[in-house]
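The values are calculated or read from the model by the stated rules, or taken from the named source; none is laboratory data. Note that the coordinates shown come from a computational prediction; the quantities given were computed from them, not determined experimentally. All Cβ positions, glycine included, derive from the backbone under ideal geometry; neighbour counts span all protein chains shown. For accessibility, only protein heavy atoms count, side chains too; no ligands or nucleic acids. Shrake-Rupley method; radii C 1.70, N 1.55, O 1.52, S 1.80 Å.
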Amino acid sequence: QVQLVETGGGLVQAGGSLRLACAASARTFSRYIMGWFRQAPGKEREFVAAISRSGSRTYYADFVKGRFTISRDNAKNTVYLQMNSLKPEDTAVYYCAASERSWYDGSYDYWGQGTQVTVSS
């Protein structure tokens with residue numbers, strides 16, 4: 001099994017930055033493709049970003065527009081999401097997830113509990 005714990009959420013003003021981290025308990029963290037998702041109140045969960053096993057490839061949702069950066073440190077069993085130029089519409093619960101298969105939505109096998117990100121106007 002894989003346990004995932006997100007940290008780093010909080011309240012920030014528009015234009016500010018946050019760095020989320022997701023710590024994994026997997027024995028071999030590098031075997032997993034890691035992704036970030038978010039869900040705003042009353043809305044469907046949506047894909048934010050994903051990163052390949054080695055970290056050599058990354059994938060982003062269109063709405064990121066260069067503002068967010070996903071990275072991973074396999075030695076620390078941790079994946080990060082650096083969020084800059086935050087907008088009120090970024091307000092959501094952010095989840096990290098692990099996949100054994102691909103970065104596509106629907107392929108993730110393990111999920112964290114989520115961390116709240118609130119961006120004020």
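Per-residue packing, averaged as other Cβ atoms within 10 Å, sorts the ranges 104-115, 28-39 into the order 28-39, 104-115, beginning with the highest. Note on K43: lysines with a C-alpha under 23 Å away, same-chain residues under 8 apart excluded, are K65, K87.
Residue by residue, the stretch 70-76 carries 3J(HN,Hα) couplings of 9, 8, 8, 10, 5, 5, 9 Hz when phi is fed to the Karplus relation 6.51 cos²θ - 1.76 cosθ + 1.60 (θ = phi - 60°); x denotes Gly or Pro. Maximal additional length on extending the T118-T28 stretch stands at 29.1 nm, based on 0.36 nm per residue less the C-alpha distance. Using a probe radius of 1.4 angstrom, the carbon and sulfur fraction of the accessible surface of the chain is 45%.
With all protein chains kept in place, the per residue accessible area of the stretch 1-73 amounts to 55 square angstrom at a probe of 1.4 angstrom.
Stretching the chain fully between S107 and R45 yields a gain of 20.9 nm (0.36 nm per residue, less the alpha carbon separation). Evaluated with a Cβ-only charge set (Lys, Arg +1; Asp, Glu -1), the chain carries a dipole of roughly 320 debye about its Cα centre, given to the nearest 20.
Across the stretch 81-91, coupling constants 3J(HN,Hα) worked out from phi with the 6.51/-1.76/1.60 Karplus curve, θ = phi - 60°, read 9, 8, 10, 10, 6, 5, 10, x, 5, 7, 4 Hz, and Gly and Pro carry x.
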